[in-house]
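Asks: Below is a structure I'd like to ask you about.
The values are calculated or read from the model by the stated rules, or taken from the named source; none is laboratory data. What you see is a predicted model, and the numbers here were worked out from it, not measured in a lab. Because the Cβ atoms are built from the backbone with ideal geometry, glycine has one as well, and the counts that use them run over all protein chains shown.
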2 protein chains.
Amino acid sequence: MSVRAIRPAGGPTEADRLARVVLSRAVEPGDRTTSSLVRQLGPQGALRTQLEPKPGSGLPDRLLQVDPVRELDQAQRCGIRFVVPGDPEWPPGLDDLDHVEDVQALGGTPPGIWVKGPMPLTELATSVAVVGSRSCSVYGDEVARWISGTVAAAGTPVVSGGAKGIDFAAHDAALLAGGATVAVLACGVDRAYPVQHRRLLAHLAAEFAVVSEQPPGSAPTRIRFLARNRLIAALTSGTVLVEAALRSGALNTASWAEQLSRPVMCVPGPVTSYTSEGVHEWFRRGGASLVTRGAEVLEIVGAAGQHLPEVRRGEERPRDSLSRTDQLVLEAVPVSAPADVESIAGMCALHVREAANALGRLERGGFVREVPGGWRLAGAG
Amino acid sequence: MSVRAIRPAGGPTEADRLARVVLSRAVEPGDRTTSSLVRQLGPQGALRTQLEPKPGSGLPDRLLQVDPVRELDQAQRCGIRFVVPGDPEWPPGLDDLDHVEDVQALGGTPPGIWVKGPMPLTELATSVAVVGSRSCSVYGDEVARWISGTVAAAGTPVVSGGAKGIDFAAHDAALLAGGATVAVLACGVDRAYPVQHRRLLAHLAAEFAVVSEQPPGSAPTRIRFLARNRLIAALTSGTVLVEAALRSGALNTASWAEQLSRPVMCVPGPVTSYTSEGVHEWFRRGGASLVTRGAEVLEIVGAAGQHLPEVRRGEERPRDSLSRTDQLVLEAVPVSAPADVESIAGMCALHVREAANALGRLERGGFVREVPGGWRLAGAG
């Protein structure tokens with residue numbers, strides 16, 4: 001899809017778009033001053049305000065150094081498009097970021113997002129973020145794959161951060177399930193971080209989409225990871241927290257989802273596992289849902305009634321099909337030492353003949369057996 | 001402790017006590033008709049009513065066959081006491097059973113309970129039930145021991161059902177922690193079921209208490225297990241559900257705790273483990289608490305403020321003690337490729353000199369290092 005194809009008449013003006021390119025390149029992500037100015041004055045007004053010299057700030061200089069036309073041309077040559085508010089592809093969820101509190105002093109709607117890949121972001125209208133620790137356990141890897149595979153196979157795109165651990169498992173399982181998956185990065189969409197995921201990210205950029213608010217070429221920093229997390233939460237219908245130690249960055253994504261009133265879905269794990277500690281602690285604060293499989297995730301993020309997981313009740317047991325009387329008698333047959341028919345009848349408040357008839361039926365059904373001293377359960381040792 | 005010692009003047013009359021012995025021996029546990037009659041007419045009135053011949057019921061005959069004086073004498077010779085409402089040792093929580101709905105057609109306050117062991121049941125005023133599957137996993141065994149040991153070591157008795165699996169782990173860990181633990185059985189307190197727990201149950205009867213509403217000599221049946229579960233819930237301040245498959249009997253105990261408005265505390269486990277499926281499914285219905293360690297259990301059942309577990313936050317990290325400026329600069333240093341000081345200063349909106357000074361301090365602190373091309377994180381590969 002070319003950049004032109006997603007630029008309709010009546011969308012954002014070219015001047016607005018170029019102002020947003022300048023802000024995107026020169027301002028660090030999550031800068032609330034800039035996003036507030038854009039909301040109040042529009043991108044060109046925000047840019048003019050930020051260009052005014054301020055003591056101690058290098059920002060005006062950095063803004064002046066950006067050549068936005070050249071930035072867009074270069075990006076387009078690399079198959080990267082810059083999506084801004086007003087574009088049909090602009091995810092409306094990102095606008096919510098202007099209306100919620102900051103998390104760790106970062107926040108606000110980005111001036112625009114850089115996207116590489118053929119999948120229009122409108123397909124994220126119903127989507128699920130699957131996030132968790134980079135250093136996950138085998139259990140976390142398995143569960144992330146199980147849940148992400150179920151979600152993706154049901155046609156719901158899986159969004160994650162392209163990192164090692166849970167992120168990788170989520171992307172990989174979605175691909176294996178034949179579903180769609182999108183990575184949101186803290187660096188430019190033309191960079192591979194971590195470098196071991198070069199092939200994964202190239203595949204996502206070729207088949208689906210890789211997204212960042214950082215312009216092409218940008219390096220990842222801690223601040224950019226934290227700012228990136230708010231995009232993962234804002235782009236999706238809900239965030240699944242698979243594994244997280246007590247200070248995992250995945251909890252930051254969950255905080256953003258909570259701020260944005262998106263469902264946070266916690267996957268429990270062994271209480272003895274430090275990679276589940278952060279998830280349990282988060283959950284115990286209240287407000288999140290506990291999920292144990294993909295169907296429950298789909299139920300939470302899906303349209304009402306679209307996904308109703310069957311309630312799990314254990315397997316039906318042969319005894320469930322017995323008559324009420326036979327069940328009563330069966331439940332009165334001792335587990336250990338045998339009991340005689342009079343004693344069993346007494347326990348059920350039945351006549352001895354009724355109890356004896358029931359015991360006969362139960363014996364033919366293989367439930368009880370007669371032994372010296374009376375009756376006992378057939379299965380008992 | 002002799003039977004006499006717990007029979008104060010002004011307590012239940014001897015005739016009431018003997019009527020309760022007859023009902024205890026001849027009526028199956030959890031029989032709501034009998035418990036309702038006892039509540040309305042007292043034990044002697046209930047006994048008179050139940051002695052009236054009813055077509056198809058063998059109960060009057062069974063009631064007539066009981067010799068309550070002999071029952072009490074025999075019990076006393078075995079060190080077993082019969083505790084009834086009005087006795088100082090009678091656990092008031094059992095009276096709650098008369099005022100809640102049945103579970104699986106069983107319910108009501110028992111006519112009395114049979115107790116073997118020196119521990120007065122008044123010590124269960126604050127106590128915790130730890131229950132779960134008989135066929136538990138290694139994980140369940142480990143967590144039951146961890147939680148039960150913490151609870152018991154804090155001076156709070158642990159109550160369970162004396163069964164294999166989670167029950168055994170709960171009792172055993174409480175003993176190892178030097179705490180108190182009580183078994184509530186579905187058979188007579190003079191019987192060992194399962195037989196492999198003969199030594200455990202003998203130890204509990206010698207040092208603490210073994211409790212049952214079944215008179216001495218009674219065999220365990222499925223109905224009696226279900227009826228027993230309501231006593232575990234009613235005798236304790238809250239029930240911890242450690243592991244339970246979808247149809248585990250432990251869920252029945254949790255149902256009773258819920259009916260009785262006692263806290264149900266669910267221990268999460270791997271979502272891939274069928275022994276945690278019942279716990280998670282129960283929890284997702286709502287109303288229960290998620291607990292991950294004994295301190296959280298104590299907080300829930302303890303007196304307000306008596307046990308306040310410290311909130312777990314990950315370990316303090318060296319970077320937490322840095323100045324705000326140094327933290328800002330540190331977070332702007334790229335994780336992968338190095339950045340020069342001008343670029344880092346720009347990310348932080350700091351003067352280049354300020355950023356350079358901060359980088360110097362961070363280098364001395366071992367956080368960053370200078371490499372060809374600029375600065376990068378010291379820890380990064």
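Asks: With the requirement that a residue be surrounded by 15 or more Cβ atoms within 10 Å (Cβ to Cβ), in a loop (DSSP other than H, G, I, E, B) and among the charged types (D, E, K, R), what does the range A:85-143 give you?
Replies: Result: A:Asp87, A:Glu89, A:Arg134.
Asks: Looking at the range B:200-227, which of its residues are crowded, with 23+ Cβ neighbours inside 10 Å, within 18 Å of A:Leu328 (Cα to Cα) and in contact with a strand residue (DSSP E or B) (Cβ under 6 Å, 6 or more places away or on another chain)?
Replies: Matches in the range B:200-227: B:Ala227 only.
Asks: In addition: Tell me which residues, restricted to the range B:55-72, are surrounded by 12 or more Cβ atoms within 10 Å (Cβ to Cβ) and away from chain A (no Cβ under 14 Å).
Replies: Matches in the range B:55-72: B:Asp67, B:Pro68, B:Glu71, B:Leu72.
Asks: If a residue must be in a loop (DSSP other than H, G, I, E, B) and within 14 Å of the chain's Cα centre (by Cα), how many such residues does the range B:232-259 contain?
Replies: The total comes to 6.
Asks: Another one. For the range A:228-248, give me each residue that is under 17 Å from A:Ser273 (Cα atoms) and within 12 Å of another protein chain (Cβ to nearest Cβ).
Replies: A:Val242, A:Glu243, A:Ala244, A:Ala245, A:Leu246, A:Arg247, A:Ser248
Asks: Next question. Looking at (1) in a helix (DSSP H, G or I); (2) in contact (Cβ under 8 Å) with a residue 60 or more places away in the chain, which one does A:Ala202 not meet, given that it meets all the others?
Replies: Going through the list (1) in a helix (DSSP H, G or I); (2) in contact (Cβ under 8 Å) with a residue 60 or more places away in the chain, A:Ala202 breaks only (2).
Asks: Going by what's in this entry, would B:Ala254 be described as more than 22 Å from B:Val83 (Cβ to Cβ), among the hydrophobic types (A, V, I, L, M, F, W, C) and within 14 Å of chain A (Cβ to nearest Cβ)?
Replies: no
Asks: Given the residues A:Ala192, A:Ala209, which is the only one that is farther than 25 Å from A:Val103 by Cβ and either in contact with a helix residue (DSSP H, G or I) (Cβ under 8 Å, 6 or more places away or on another chain) or free of Cβ contacts under 8 Å to residues at least 12 places away in the same chain (or both)?
Replies: A:Ala192 is the lone residue from the list that is farther than 25 Å from A:Val103 by Cβ and either in contact with a helix residue (DSSP H, G or I) (Cβ under 8 Å, 6 or more places away or on another chain) or free of Cβ contacts under 8 Å to residues at least 12 places away in the same chain (or both).
Asks: Also: Restricting the search to the range A:79-135, which residues are among the basic types (Lys, Arg) and over 26 Å from A:Gly155 (Cβ atoms)?
Replies: Step one: of the range A:79-135, the residues among the basic types (Lys, Arg) are A:81, A:116, A:134.
Correct list: A:Arg134 only.
Asks: Please find, among A:Ile166, A:Ile232, the residue that is over 28 Å from A:Arg77 (Cβ atoms) and buried (at least 24 other Cβ atoms within 10 Å of the Cβ). Quick ask: steps written out before the conclusion?
Replies: Numbers: A:Ile232 fails: over 28 Å from A:Arg77 (Cβ atoms).
From the options A:Ile166, A:Ile232, the qualifying one is A:Ile166.
Asks: Among the numbered conditions (1) at pLDDT below 85; (2) at the interface with chain A (Cβ under 9 Å from one of its Cβ atoms); (3) surrounded by fewer than 16 Cβ atoms within 10 Å (Cβ to Cβ); (4) part of a helix (DSSP H, G or I), tell me where B:Leu328 comes up short.
Replies: (3)
Asks: A further question on this structure: Using beta carbons and a limit of 9 Å, which pairs, at least six apart or on different chains, have the first residue in the range A:370-381 and of a type in the set (Lys, Arg) and the second one modelled with pLDDT under 85?
Replies: Partner pairs satisfying both residue conditions: A:Arg376/A:Pro334; A:Arg376/A:Val335; A:Arg376/A:Ser336; A:Arg376/A:Ala337.
Asks: So which residues in the range B:274-287 are outside any helix (DSSP H, G or I) and surrounded by 19 or more Cβ atoms within 10 Å (Cβ to Cβ)?
Replies: none
Asks: Give me a count of the residues in the range A:340-359 that are in a helix (DSSP H, G or I) and either crowded, with 22+ Cβ neighbours inside 10 Å or facing another protein chain (nearest Cβ under 9 Å) (or both). Give the steps one after another, and end with the answer.
Replies: Of the residues in the range A:340-359, the ones in a helix (DSSP H, G or I) are A:341-348, A:352-359.
From what's left, either crowded, with 22+ Cβ neighbours inside 10 Å or facing another protein chain (nearest Cβ under 9 Å) (or both): A:342-348, A:352, A:354-355, A:358-359.
Selection size over the range A:340-359: 12.
Asks: While we're looking at this one, here's another question. Only one of B:Ala152, B:Ala125, B:Ala105 is farther than 16 Å from B:Val210 by Cβ and within 13 Å of another protein chain (Cβ to nearest Cβ). Can you tell me which?
Replies: Working: B:Ala152 fails: within 13 Å of another protein chain (Cβ to nearest Cβ); B:Ala125 fails: within 13 Å of another protein chain (Cβ to nearest Cβ).
Being farther than 16 Å from B:Val210 by Cβ and within 13 Å of another protein chain (Cβ to nearest Cβ) holds for just one of B:Ala152, B:Ala125, B:Ala105, which is B:Ala105.
Residue-by-condition table, conditions (1) more than 17 Å from the chain's Cα centre (by Cα); (2) among the hydrophobic types (A, V, I, L, M, F, W, C):
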| position | (1), (2) |
| --- | --- |
| A:Ala105 | yes, yes |
| A:Pro111 | yes, no |
| A:Pro118 | yes, no |
| A:Val128 | no, yes |
| A:Ser135 | yes, no |
| A:Gly140 | no, no |
| A:Gly149 | no, no |
| A:Lys164 | no, no |
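Asks: Is it fair to say B:Leu175 is surrounded by fewer than 23 Cβ atoms within 10 Å (Cβ to Cβ) and more than 17 Å from B:His197 (Cβ to Cβ)?
Replies: Answer is no for this residue.
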